[in-house]
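Peer 1: Please see the structure below; I have some questions.
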Amino acid sequence: MSCRILGIALMACITLGLSACGGGAGCDTKTVAPGPSGGPSISVGGSGGSCASNSGSGGGPNGGPGQVTLGAPIDTVFYVKTAVNPTISAAGVDGAKNFLPLPSFVPTSLAQDDHPGMEIVNETFLYLAGADIGEILGFSIDSTSGNLTPIAGSPFPTAVNAMTVDATGRFLYIGDGSNTTIVGFHINSTNGSLTPIPGSPFPTLGMRFVNALTTDGLGKLLYVTEGVGGSNMNAFFINASNGALTPVAGNPVSVPVSFLKSEPTGKFLVGIDAKVGTSGIPSNPNIYVFAINQSTGAIAQAPLSPFTSSLPPIRIFVHPNGRFIYTTDDNVGGGLGPMQGFTLDSAGKVTPMSGSPFSGLERVSQCDSDHISGVELFCSDGSTFFAYDVDLNTGNLSRTAAPFVSGQNLPFAVAAPR
């Protein structure tokens with residue numbers, strides 16, 4: 001495949017119930033090429049005003065980049081335009097992280113809906129949650145054009161508040177908030193069709209919501225938390241052959257976090273407590289690390305947990321190498337704050353990166369990478385995408401390429417070439 005794929009579902013700005021959606025840099029923009037049929041033009045931003053200091057220099061306005069020379073697409077960006085006629089649209093990203101149009105891509109029409117999540121599986125299939133209608137949309141991804149073709153049986157009806165895929169890419173798990181249950185599907189590796197897992201749906205215990213799901217890095221365990229305002233967790237063993245869930249002893253467990261993310265070794269979960277304080281911003285600046293007992297599924301805070309960060313996080317992302325953690329944050333006093341970066345060592349110790357908080361970069365609300373190379377981190381402020389270079393030794397971030405002004409663009413997911 002000639003393209004890596006960054007998948008993005010655009011919706012009305014969802015930042016964990018917060019109203020700080022705009023943020024971002026007030027950049028000069030320049031259209032460098034028309035978008036594909038039915039899609040937007042591709043605009044790139046200068047680095048004047050409040051843009052990132054690391055965004056390069058050139059002959060553009062206010063010190064922004066001059067004429068951009070675009071290369072062949074390396075990554076592809078899928079995003080759902082939440083306009084009058086919503087679509088999944090796409091843009092490419094070349095090796096220098098410049099955004100550019102995909103000439104053969106045809107946008108996919110969507111019904112008006114709330115899309116709380118997107119998953120790209122094995123770089124081949126894209127699944128989009130439709131919360132209001134109550135369905136999962138499935139598409140196969142054309143490896144040349146990026147075009148999407150509906151999977152047989154799509155849409156798959158189910159109430160959905162959140163979803164996740166296990167580490168092997170064989171099982172899709174859905175949080176059904178209406179019944180506080182977990183719906184499980186087996187993913188056909190050939191055509192992407194979804195088949196209910198035996199025993200699905202699986203009940204939870206003592207959960208008010210099922211708004212956040214993650215599997216451990218080995219794909220042996222599923223952890224379910226309540227999301228913003230929550231404090232309960234359920235854990236399940238995943239049957240390796242058919243994906244069926246077996247409750248871990250002790251459910252429900254009281255935890256100090258509302259969201260959890262895994263790292264690839266299966267040793268740790270990393271979490272944040274994105275509760276909203278009385279001032280309308282998250283009140284807890286801590287980052288929590290939990291050690292996983294692979295035999296029992298139980299988790300316990302690592303010896304040095306929690307780590308108090310500079311700002312209260314609203315989202316957390318663990319780099320595919322498992323050594324870097326990034327948070328997008330609320331600014332004390334309201335609005336989005338600068339991103340933070342941390343390293344995670346083999347003992348579960350969290351240490352701020354030398355450049356964190358990244359005050360010279362844009363203030364964004366969500367980030368993701370391609371989960372394979374990890375050499376770039378794609379982030380959004382709700383309407384503009386930024387491609388950051390990741391220093392794979394230190395985890396520090398910089399930006400040399402111009403941003404892509406897309407319109408509303410959350411949430412999103414990233415895939416790599418195949």
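Peer 1: Would the stretch 103-118 turn up any residue that is among the aromatic types (Phe, Trp, Tyr) and either part of a strand (DSSP E or B) or surrounded by fewer than 21 Cβ atoms within 10 Å (Cβ to Cβ) (or both)?
Peer 2: Checking the stretch 103-118: not a single residue is among the aromatic types (Phe, Trp, Tyr) and either part of a strand (DSSP E or B) or surrounded by fewer than 21 Cβ atoms within 10 Å (Cβ to Cβ) (or both).
Peer 1: Somewhere in the stretch 367-386, is a residue hydroxyl-bearing (Ser, Thr, Tyr), in contact with a Pro (Cβ under 7 Å, 6 or more places away or on another chain) and outside any loop (DSSP other than H, G, I, E, B)?
Peer 2: yes
Peer 1: Quick check: anything in the stretch 180-195 under 30 Å from residue 314 (Cβ atoms) and more than 23 Å from the chain's Cα centre (by Cα)?
Peer 2: no
Peer 1: Another question about this same structure. Looking at the structure I just gave you, is residue 368 at pLDDT below 90, buried (at least 20 other Cβ atoms within 10 Å of the Cβ) and under 15 Å from residue 262 (Cα atoms)?
Peer 2: Yes, satisfied.
Peer 1: On to the next question. Out of the stretch 392-413, which residues are β-branched (Val, Ile, Thr) and part of a loop (DSSP other than H, G, I, E, B)?
Peer 2: The answer is 394, 400.
Peer 1: Please find, among 228, 248, 257, the residue that is in contact with a Gly (Cβ under 8 Å, 6 or more places away or on another chain) and closer than 14 Å to residue 203 by Cα.
Peer 2: 248
Peer 1: Related question: Just to be sure I understand the filter: pairs with C-beta atoms under 6 Å, separated by 6 or more residues or on different chains, first member in the stretch 332-350 and in contact (Cβ under 8 Å) with a residue 60 or more places away in the chain and within 12 Å of residue 313 (Cβ to Cβ), second member of a type in the set (A, V, I, L, M) and not in a strand (DSSP E or B). Which pairs pass?
Peer 2: 336/20
Peer 1: Follow-up. When you go through (1) under 21 Å from residue 264 (Cβ atoms); (2) in contact with a strand residue (DSSP E or B) (Cβ under 8 Å, 6 or more places away or on another chain) one by one for residue 384, which number turns out not to apply?
Peer 2: So the condition that residue 384 fails would be (1).
Peer 1: Please go through the stretch 84-102 and pick out each residue that is outside any strand (DSSP E or B) and not polar (S, T, N, Q).
Peer 2: Scanning the stretch 84-102 gives 84, 86, 95, 96, 97, 101, 102.
Peer 1: Tell me, which residue of the stretch 324-371 that is of a type in the set (A, V, I, L, M) and under 20 Å from the mean Cα position of the chain (by Cα) is nearest to residue 410 (Cα to Cα)?
Peer 2: Looking at the filtered set, the residue picked out is 364.
Peer 1: Going by the structure shown, is residue 89 in contact with a Lys or Arg (Cβ under 6 Å, 6 or more places away or on another chain) and not charged (D, E, K, R)?
Peer 2: Criteria met by residue 89.
Peer 1: Kindly check whether there is at least one residue in the stretch 66-77 that is modelled with pLDDT of 55 or more, within 23 Å of the chain's Cα centre (by Cα) and under 22 Å from residue 175 (Cβ atoms).
Peer 2: No: zero hits.
Peer 1: Given the conditions (1) part of a loop (DSSP other than H, G, I, E, B); (2) over 26 Å from residue 110 (Cβ atoms); (3) within 18 Å of the chain's Cα centre (by Cα), which single one is not true for residue 206?
Peer 2: Result: residue 206 fails condition (3) only.
Peer 1: Being in contact with a strand residue (DSSP E or B) (Cβ under 7 Å, 6 or more places away or on another chain) and either of a type in the set (Gly, Ala, Ser) or at pLDDT 95 or above (or both) is the filter here, so list the residues in the stretch 167-182 that pass it.
Peer 2: Once the filter is applied, which keeps residues that are in contact with a strand residue (DSSP E or B) (Cβ under 7 Å, 6 or more places away or on another chain) and either of a type in the set (Gly, Ala, Ser) or at pLDDT 95 or above (or both), the stretch 167-182 yields 167, 169, 170, 171, 172, 173, 174, 175, 181, 182.
Peer 1: Right, something else. Scan the stretch 182-199 residue by residue and report those that are of a type outside the set (A, V, I, L, M) and buried (at least 20 other Cβ atoms within 10 Å of the Cβ).
Peer 2: Correct list: 184, 185, 192.
Peer 1: With 321, 331 as the choices, which residue is within 17 Å of residue 268 (Cβ to Cβ) and either modelled with pLDDT of 90 or more or out of contact with any Lys or Arg (no Cβ under 6 Å at 6 or more places or on another chain) (or both)?
Peer 2: Among 321, 331, only 321 is within 17 Å of residue 268 (Cβ to Cβ) and either modelled with pLDDT of 90 or more or out of contact with any Lys or Arg (no Cβ under 6 Å at 6 or more places or on another chain) (or both).
The values are calculated or read from the model by the stated rules, or taken from the named source; none is laboratory data. None of the values given here were measured: they were computed from a predicted structure. Note that each Cβ is placed from the backbone with ideal geometry, even for glycine, and that neighbours are counted across all protein chains shown.
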